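Take a look at the structure set out below.
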Amino acid sequence: MAGGGTPFAIAAVDGGESWWHRRASGTDTQSILVEEFLPVLAGHGVDTGRLAVFGLSMGGFGALLLAARHRVPGLRAVAAMSPAVWSQYDAGRSDNFDGAADFAANDIFALRPELASVPKRIGCGMADSLLYSVKDYVKDLPGAHEGGFQAGGHDTVYWRSVLPEVLSFLGRSLV
């Protein structure tokens, strides 16, 4: 590469509105990603032995959840931009969780210790409605992590502004 970095592939999947965990409807986008999408990539010659996951908003929650559950062999890093994380269940989030028990089973705050050894980059715009929840999440996150809080909101303008740093982090993590 002209810039001297290690080349890597980026493959994306849209999880729809599933919130990246098994739902009462039977939808389980996280399992589809691990059990179906990764084998398809491997079948196309992609090295799936060294992986990083990242997502934004709901996908950021999903990336953190996937990394915390250690469901991906060869996972080297996780990056989350404006992750949709909450420390408490709210019945008003029925689109996110099927109820209090579903929230507890997928409580990303309770799973923070599982990320201690995983390189992490977590960021959020300072005008994002998730800012305080993300700050609360990273406050007690074990192990070092990159990222932080920059100008921007919960929108493509912010995400595009930090994407070069996210891709740099992911590239360094895959070496």
Residue list for the stretch 38-81, filter: of a type outside the set (A, V, I, L, M) and touching a helix residue (DSSP H, G or I) at 6+ places or on another chain (Cβ under 6 Å): 48, 54, 55, 71, 76
Can you tell me which residue is farthest from residue 7 (Cα to Cα) among those in the stretch 134-175 that are at pLDDT 95 or above, surrounded by fewer than 18 Cβ atoms within 10 Å (Cβ to Cβ) and hydroxyl-bearing (Ser, Thr, Tyr)? 156
Condition first: of a type in the set (Ser, Thr, Tyr), surrounded by fewer than 21 Cβ atoms within 10 Å (Cβ to Cβ) and under 12 Å from the mean Cα position of the chain (by Cα). Can you find one or more residues in the stretch 56-63 that meet it? yes
Got a sec? Which of 100, 151, 104, 110 is among the small types (Gly, Ala, Ser) and farther than 22 Å from residue 29 by Cβ? 151
Hits in the stretch 135-165 (condition: in a helix (DSSP H, G or I) and of a type in the set (S, T, N, Q)): 156, 161
Would you please list the contacts, defined by Cβ atoms under 6 Å and residues six or more apart or on different chains, that run from a residue in the stretch 122-146 that is in contact (Cβ under 8 Å) with a residue 40 or more places away in the chain to a residue that is part of a helix (DSSP H, G or I)? 122/138; 123/162; 124/131; 124/134; 125/158
Output for Cβ contacts, cut-off 9 Å, separation at least six or different chains, first residue closer than 13 Å to residue 15 by Cβ in the stretch 59-70, second aliphatic (A, V, I, L, M) and part of a helix (DSSP H, G or I), reads 60/134; 62/33; 66/33; 66/34
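The values are calculated or read from the model by the stated rules, or taken from the named source; none is laboratory data. Since we're looking at a predicted model, the values are computed, not measured. FYI the Cβ positions are ideal-geometry reconstructions off the backbone, even for glycines, and counts take in every protein chain you see.
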